[in-house]
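A.B. asks: Quick one: the structure is below, questions incoming.
The values are calculated or read from the model by the stated rules, or taken from the named source; none is laboratory data. This structure is a prediction, so every number in the text was calculated from the model and none was measured. Neighbour counts run over all protein chains shown; Cβ positions are idealised from the backbone, glycine included. Just so you know, the surface numbers come from the protein's heavy atoms only, side chains and all, with ligands and any DNA or RNA stripped out. Shrake-Rupley method; radii C 1.70, N 1.55, O 1.52, S 1.80 Å.
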Amino acid sequence: MGNDQLAGGTRFPYLYTIGQTSSNVYQWADYGLDRAYLGMRFTQVASPYVTWEVSEKQNLGLDIALFREKFISYIDLFDEKRTGIYMRREFLPEIVGLESVPSANVGAVRSRGFDGRFEFRQRLGEVNITARANMTYSKNEVLKRDQTNNVYKYQNMEGYRVDQNVGLIALGLFKDYDDIRNSPKQNFGTYQPGDIKYKDVNGDGVIDDGDNVAIGSTRRPNLIYGLGTSVSYKNFDFSFHFQGAGKSSFFTYGKTVYAFSEGEWGQVLKGIMGDNRWISADISGDPSTEDPNASYPRLSYGPNPNNFRNSTFWLRNGQYLRLKTLDIATAYLRRSQTA
Amino acid sequence: MIMKRNKLTYILVSLALLTSCKKEYLESDQYFKDRLTIEKVFKSKEYSEQWLAHIFEEFKGENADVASKGYTPHCFADDMFYGDRDKDYDPSKNELSYNMFKMGLYTENDKQGTWVQCYRGIRNASTFIHNIHLNTEMSEREINDYRGQARFARAYLYWLLLRKYGPIPILPDTEVDYTQSYDDLAIPRNTYDECVDFIANEMLLAAQEMQELGMQRGQDGSARPTVGAALSVRAKALLYGASPLANGNNAGFAALLTDKQGNRLLSSQYNEEKWARAAAAARDVIELGIYRLYTVAFQATGEDATVVPPYDPNFSDKNWPEGWANIDPEKSYARVFDGTLPASGNPELIFTRGNNQLSEGVNAMVIHQLPRSATGWNTHGLTQKLVDAYYMNDGTDVPGKDKEIGRGNGSERVKGYVTQEDYEAGRYRPLLPGVSLQYANREPRFYASVAFNGSMWKLLNESQERNRNQQVFYYRDNDKGNGFNSSNAYWLRTGIGMKKFVHPNDTYEGGNNAKVVPKAEPAIRYADILLMYAEALNELNGSYTIPSWRGTNYTISRDIAEMQRGIRPVRIRAGLPDYSASAYSNKDELRKLIKRERFIELMGEGQRYYDLRRWMDAPEEESLPIYGCNVLMNESQRDLFHQPVAVWALKTTFSDKMWFWPIKHSELKRNKNLTQNPGWTYND
C-alpha cells in the first residue's frame, strides 16, 4: 500500500544524490597562494530498502432494513493494522556520521472502530418524517515508530494514539515565593509568583522536558457524529442537522492568550485583562487577586518560556456539537405556470 | 499526394514513438544519466580532491587545535585567560566565559561541534579510503598518497575526540550501515587503550601510504598532512595513553568511567612499556630528519640587536645547534608564531590548518591581545604563574617565584624600576624606563611571549607614525585606556598581556583584520615532539626493544644523551643552558622540569589544558587561585601594582566532571550503549 505523504518529499528515496558546495571549503596552500577546492559529499543518502507499506484490513459490514425499510442501518466495523510505515529516521546517532536523513519502513499503527449510518422514515398522514444519524468512532494505537531512546519510557509514543498531545501537567499558579521555594525547580527561565507551576512527573526535583507526558487526547477527533431530521407537510419543509465531534483536545496558544508574548500591543482576550487573571496584590491592593486558580497567569512582557509552553493549563477539550443547518422552506405554485 | 505522404509520415512517426514508449515504460534510468555516482566521483581526480576537501572542512571551527575561545576555550588553562564575553561584565553576552569554563559551569550542550564534525568526517573519510582505488586519473602512487591523507584525517578526528571526550566509540573500517536498527547502531565506547592503539596503527598506515609523495608538501600543500604529521599524532596518542590518566589510573572517577557492562575504560594497570612505545614513536619523527627548530641569525647592531644571554661555557661559544653564538633566541622563538614565515617555510611546523581558521583563529587571538591604544580588545592575558615559570636569562628561577601560592623558596620579588639612566646605558635590555625589575634579565621566550606592564608594542601597520612604537602600561587611569576600566570588559584581569603570535606590524586600527599579518595555525610543532621524547624516556626504568615505523628496532631506555636530544634544542634555541647533570639523574626532578618547559614553550598552543589532565595535575594546578598584578592601582601606587594579588575577577576550580568534556544528551538518547562521562547527566 502506498502513502501519499512521503516524508521529506524525496522523489527517489532509494537513490542517493551527491553535490558540490557552493564555495571553496579547504585551502591547501600558504597564504597568498591558491589551492582551494569546493567540497563534495552526499546531499541525500540513499534509503535502499524502502518499499510499500503493508496494511491488513478486516471489515465486518452489517446492513439492516426493518419494518418495510422504515429503519435502515449500515454498520461497518473495521480493524486495520498498517506496518512498515514510511518514515524519516530522525534519531540515528551522530556517530553514524550522516549529513542527511534517510527514510525507512519502520512505523506500525493499528486502528479499530466503526462507521455507522442510521435512517428512519415515517409517514403520518400528510407528514413525512425522515431522521438520519451517522457516527464514526475510531481508536488507533502506535505500535512502532521512529523515536529516540527516551530515558523515561512514558515519553515513548508506543501505546499512545497517533497525534497524541504531549505536555506538562500544570498545578495552577505559584502563590508566592515560599510556594516557589518549596516546589521543584522549573528549568524554563526565570519565573515568579503568578507563573504556572508544574508537576515533577519523574520526581527528579527539576521540571524540564523530562516531565512531558501524554495529556488529553489527540488533536484529531476520534469520534465524529451527525444527526438530522427533516419533516415535510404539503408545501412546507422543515429540516435541521446537528454535527459533532468528540474525543479530541488542543492547545490554545498565540498572542491572544500568551498576552504580550511578542512584546507589543495587540488583541488579547477579555479574560486576560479582566478579573480572571492572577494580579499581584502590590498592584491591585487586594490579596484575593493573587488567585492560584485563575484562568490566566500574571501578565508579562515579551516571551515567557515558563508559561508559554504546552501544558494542561492551555489544553482545551475539543468536543463540540453544532447545529449545522436549519431549513424552513415553502413552495408555492402560480396557477399561470401550471396552466 | 503530398498531403498523403505527410499523413503517412505522421502515422509512422507516431508508431515509432509508441513502441519506444512501451519499451521503457517503467525504466527510470534515463532520467539519471547525469547523476553523480560514487564511481564517477572517485574516477575523477578533481572530484576526489573535493571529497577530501570536504573531509578536512571538518577540521575547522571547534575542531581547531589553536584558536580563540569562540571555538576552543581549551586553549585557555592556567597559563592564559580571556576576560571578555563574560555576562558578569557585559550582560549582552551569553557565552561561555573564562570563569564559567574554569568553574565547570558549562553544560552537556556547550561546544559540542567536535562530536558531530568528527564523526561526519570519519564517515566521509571511510568512503574515500575504500573508493579511491577506482581513480583513473591518478597514478598508483598518487592513489596511495591520497588514501593516506584521508586515513590521516580519519585518525586525527578520532584523536581530537579522544583528547576532549576521553574514550569514544571506534567505528568499523567501512562506513557504518545506517539501515540497521537503532539497537544495532548502539555502538559502545572503546577503552582508552583501544582508542590509542587504533589511532597509532592507522597513523602508521597513513605514514606508509604517504611516504612516496608526502614527506613534504611545499607551498601549494602546506596544509596537507605529511608522513611527519601522521607519525607525530601517533606519538602524541601513545604518549597520552602512557600518561597517568590512562595508565594505572586508580582514582575514584576512573572507576566510574565504564561501559554499560561496568568495564573500566581507563586502565588501572600501570604498564611502563607504554612510555617506551611513545618514546619510540617520537623518535620516529626526529629521525625523519626533516624538521628542525627555527632560528634567526644573530644581529650585532641596531635598535633590535640581539640580546645576548649571559656567558655560558657550554653554549655561548658554539654555533647553533650546539650553542647560541650565531642566533637571536628571542626573534627565533617569536617568529615561529607571528606570521613572518609562510607555513611551508617554517621548519618546525609539522601540522597546520594553514589559513583554514574561520573567524576565531589565531588572528582573532591577536586582536584580543592588542592593547586598546591599538584598537585591540585588550582581553587575553597571562597569569602570574606563567610569568613566574619563565626562567631568568641564566637559567635560574626568578626571585620570589610562586611565593604567593605557597611554593616560594624564601626569596623575595625584586623591587625597583628601570630608570632613564639604566635605559641609556643599555642595561636590562629590552626593557624601557619605568618597567618593574621583576621583568628584567628574563629568558628570551619571556620577551617574545609576555606583554608585561610597560612593554613595547611596535604596531607598524598603524597609518600614523605617532601611533607606532607605543610603550603600553596597564595602570589604572592609564591615559591611553589600557588599564582597568569599570565601565567595560576591555582590560587585562592580571595586568599582564600576551605578545606571542603578535607580529611587529600587527595592529587593529579601524577594526581592520588586514592590519594583522596572517598566521598559520601551529597545530603540531617539532618542539612539542622533542619534549615528548624526553618526557617519555624519563619515565623508563627498564630497557625495551621497540620497532621503528620502518621496521628496524630501537633500544629504548632512560638514556641521558637521548633525553638531551629532546631537551637541548628547545633550551638552546631559547638561549638557555641545559639542565644540570643532577637534574638529569633524578627522574622526579626532571619530570618537573619537563612539565615546566612545556608550560613555557607551548603556551597558548592548546596543549596545557590537556597536559594538566593527562598528568593528573589538573586538580591541584587548575584550582590554585590565579594571581596577577593589582590592576586597581594607578601609576603613583606602582609598588602595589606589582605586588601580586589573587585576581578577584578570575575564578577557577577543579572537580571530577572536568576531566573530560560531557557527551550531549541527545546523543546518549540515540545510543543506548553510550555511557556518559563521570559527573555529567544523561537526562534533559
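A.B. asks: Quick one: is B:T653 within 14 Å of chain A (Cβ to nearest Cβ), outside any helix (DSSP H, G or I) and either within 26 Å of B:L540 (Cβ to Cβ) or open to solvent by 10 Å² or more (accessible area, probe 1.4 Å) (or both)? Even if it seems obvious, please write down each step before you answer.
C.D. replies: Working: within 14 Å of chain A (Cβ to nearest Cβ): no; outside any helix (DSSP H, G or I): yes; either within 26 Å of B:L540 (Cβ to Cβ) or open to solvent by 10 Å² or more (accessible area, probe 1.4 Å) (or both): yes.
No, not satisfied.
A.B. asks: Could you figure out which of (1) at pLDDT 95 or above; (2) open to solvent by less than 50 Å² (accessible area, probe 1.4 Å); (3) in a loop (DSSP other than H, G, I, E, B); (4) over 16 Å from B:V387 (Cβ atoms) isn't true of B:Y474?
C.D. replies: Here B:Y474 meets the rest and fails (4).
A.B. asks: Just to verify a result, which residue in segment A:24-50, among those that are at the interface with another protein chain (Cβ under 7 Å from one of its Cβ atoms) and of a type in the set (F, W, Y), is surrounded by the fewest Cβ atoms within 10 Å (Cβ to Cβ)?
C.D. replies: Result: A:Y49.
A.B. asks: Okay, moving on. If you take just the strands (runs of 3 or more DSSP E) that sit entirely in segment A:162-265, which of them hold at least 1 residues that are away from chain B (no Cβ under 14 Å) and open to solvent by 60 Å² or more (accessible area, probe 1.4 Å)? Outline the logic, then answer.
C.D. replies: Numbers: elements: A:164-167, A:170-173, A:196-198, A:213-218, A:223-233, A:236-246, A:249-251.
By residue number, A:170-173, A:223-233, A:236-246, A:249-251.
A.B. asks: Here are B:R141, B:R123, B:R151: which of them is open to solvent by 10 Å² or more (accessible area, probe 1.4 Å), within 10 Å of another protein chain (Cβ to nearest Cβ), among the charged types (D, E, K, R) and touching a Leu at 6+ places or on another chain (Cβ under 8 Å)?
C.D. replies: On the way: B:R141 fails: within 10 Å of another protein chain (Cβ to nearest Cβ); B:R151 fails: within 10 Å of another protein chain (Cβ to nearest Cβ).
Only one candidate qualifies: B:R123.
A.B. asks: Related question: Looking only at residues in segment A:7-23 that are closer than 30 Å to B:S222 by Cα and either more than 10 Å from every other protein chain (Cβ to nearest Cβ) or charged (D, E, K, R) (or both), which one is most open to solvent (accessible area, probe 1.4 Å)? Give the derivation first.
C.D. replies: First, pick out the residues of segment A:7-23 that are closer than 30 Å to B:S222 by Cα: A:18-23.
If we keep only those that are either more than 10 Å from every other protein chain (Cβ to nearest Cβ) or charged (D, E, K, R) (or both) too, we end up with A:22-23.
Numbers: A:S22: 118, A:S23: 67 Å².
Step by step, filter segment A:7-23, then rank; the result is A:S22.
A.B. asks: Restricting to segment A:81-98, and then to whatever is of a type in the set (A, V, I, L, M) and part of a strand (DSSP E or B), can you tell me which residue is nearest to the other protein chains (Cβ to nearest Cβ)? Break it down stepwise before answering.
C.D. replies: Quick first cut of segment A:81-98, residues of a type in the set (A, V, I, L, M) only: A:85, A:87, A:92, A:95-96, A:98.
From what is left, the residues that are part of a strand (DSSP E or B) are A:85, A:87.
Details: A:I85: 15, A:M87: 12 Å.
Applying the filter and picking the extreme gives A:M87.
A.B. asks: Also, I was wondering about something else. Looking at segment B:494-521 only, could you name the residues that are more than 14 Å from chain A (Cβ to nearest Cβ) and open to solvent by less than 10 Å² (accessible area, probe 1.4 Å)?
C.D. replies: B:T494, B:G495, B:I496, B:G497, B:M498, B:K500, B:F501, B:D506, B:T507
A.B. asks: So, in segment B:239-263, exactly how many residues are hydrophobic (A, V, I, L, M, F, W, C), over 25 Å from B:A186 (Cα atoms) and open to solvent by less than 10 Å² (accessible area, probe 1.4 Å)? Give the steps one after another, and end with the answer.
C.D. replies: Here is the first cut: in segment B:239-263, the residues hydrophobic (A, V, I, L, M, F, W, C) are B:239, B:242, B:245-246, B:251, B:253-257.
So of that shortlist, the ones also over 25 Å from B:A186 (Cα atoms) come out as B:239, B:242, B:245, B:251.
Then drop every residue that is not open to solvent by less than 10 Å² (accessible area, probe 1.4 Å), which leaves B:239, B:242, B:245.
Number of matching residues: 3.
A.B. asks: Ok, one more. I'd like the full set of residues that are touching a residue at least 60 places away in the same chain (Cβ under 8 Å) and touching a Ser or Thr at 6+ places or on another chain (Cβ under 6 Å), limited to segment B:524-556.
C.D. replies: Residues satisfying the conditions are B:I524, B:I529, B:L540, B:Y554.
A.B. asks: Right, next: Please name all residue pairs, on different chains or six or more residues apart, with Cβ atoms under 6 Å, provided the first residue is in segment A:137-158 and is more than 13 Å from chain B (Cβ to nearest Cβ) and the second residue is acidic (D, E) and outside any loop (DSSP other than H, G, I, E, B).
C.D. replies: So the pair list comes out empty.
A.B. asks: Could you check B:K102 against (1) surrounded by fewer than 19 Cβ atoms within 10 Å (Cβ to Cβ); (2) under 22 Å from the mean Cα position of the chain (by Cα) and say which number it fails?
C.D. replies: That leaves (1) as the condition not met.
Okay, residues lined up against (1) more than 14 Å from every other protein chain (Cβ to nearest Cβ); (2) within 19 Å of B:Y508 (Cα to Cα); (3) open to solvent by 30 Å² or more (accessible area, probe 1.4 Å); (4) in a helix (DSSP H, G or I):
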{"residue": "B:K331", "(1), (2), (3), (4)": "yes, no, no, yes"}
{"residue": "B:A334", "(1), (2), (3), (4)": "yes, no, no, yes"}
{"residue": "B:T340", "(1), (2), (3), (4)": "no, yes, yes, no"}
{"residue": "B:R353", "(1), (2), (3), (4)": "no, no, no, no"}
{"residue": "B:N363", "(1), (2), (3), (4)": "no, yes, yes, yes"}
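A.B. asks: Another question about this same structure. In the list B:N630, B:N671, which residue meets the criterion of being more than 30 Å from B:T494 (Cβ to Cβ) and either within 14 Å of another protein chain (Cβ to nearest Cβ) or at pLDDT 95 or above (or both)?
C.D. replies: Within the list B:N630, B:N671, the selection yields B:N671.
A.B. asks: Here's another thing I want to ask about it. Return only the number of the condition from (1) of a type in the set (A, V, I, L, M, F, W, C); (2) surrounded by 21 or more Cβ atoms within 10 Å (Cβ to Cβ); (3) within 14 Å of another protein chain (Cβ to nearest Cβ) that B:M203 does not satisfy.
C.D. replies: So B:M203 meets the others, but not (3).
A.B. asks: With the requirement that a residue be touching a residue at least 60 places away in the same chain (Cβ under 8 Å) and open to solvent by 20 Å² or more (accessible area, probe 1.4 Å), what does segment B:309-329 give you?
C.D. replies: B:P310, B:D312, B:N314, B:W320, B:P321, B:E322
A.B. asks: Which condition breaks for B:V647 when tested against (1) more than 14 Å from chain A (Cβ to nearest Cβ); (2) more than 27 Å from the chain's Cα centre (by Cα)?
C.D. replies: Result: B:V647 passes all but (2).
A.B. asks: Which of the residues belonging to segment B:264-303 are in contact (Cβ under 8 Å) with a residue 60 or more places away in the chain and open to solvent by 60 Å² or more (accessible area, probe 1.4 Å)?
C.D. replies: Hits for segment B:264-303 are B:R264, B:E273, B:R277, B:E287, B:R292.
A.B. asks: Within segment B:156-187, how many residues are more than 7 Å from every other protein chain (Cβ to nearest Cβ) and either assigned to a loop (DSSP other than H, G, I, E, B) or modelled with pLDDT under 95 (or both)? Don't jump to the end; show me each part of the working.
C.D. replies: Restricting attention to segment B:156-187, the residues satisfying the condition of being more than 7 Å from every other protein chain (Cβ to nearest Cβ) are B:156-168, B:170, B:172-175, B:177, B:180-181, B:183-184, B:186.
Narrowing the set further to residues that are either assigned to a loop (DSSP other than H, G, I, E, B) or modelled with pLDDT under 95 (or both) leaves B:166-168, B:170, B:172-175, B:177, B:180-181, B:183-184, B:186.
Residues flagged as more than 7 Å from every other protein chain (Cβ to nearest Cβ) and either assigned to a loop (DSSP other than H, G, I, E, B) or modelled with pLDDT under 95 (or both) within segment B:156-187 amount to 14.
A.B. asks: Across segment A:199-219, what is the total count of residues that are out of contact with any strand residue (DSSP E or B) (no Cβ under 8 Å at 6 or more places or on another chain) and either of a type in the set (F, W, Y) or more than 19 Å from A:P305 (Cβ to Cβ) (or both)?
C.D. replies: So the count comes out to 3.
A.B. asks: Of the residues that make up segment B:589-608, is at least one farther than 16 Å from B:A389 by Cα, of a type in the set (D, E, K, R) and open to solvent by 20 Å² or more (accessible area, probe 1.4 Å)?
C.D. replies: No, the conditions are met nowhere in segment B:589-608.
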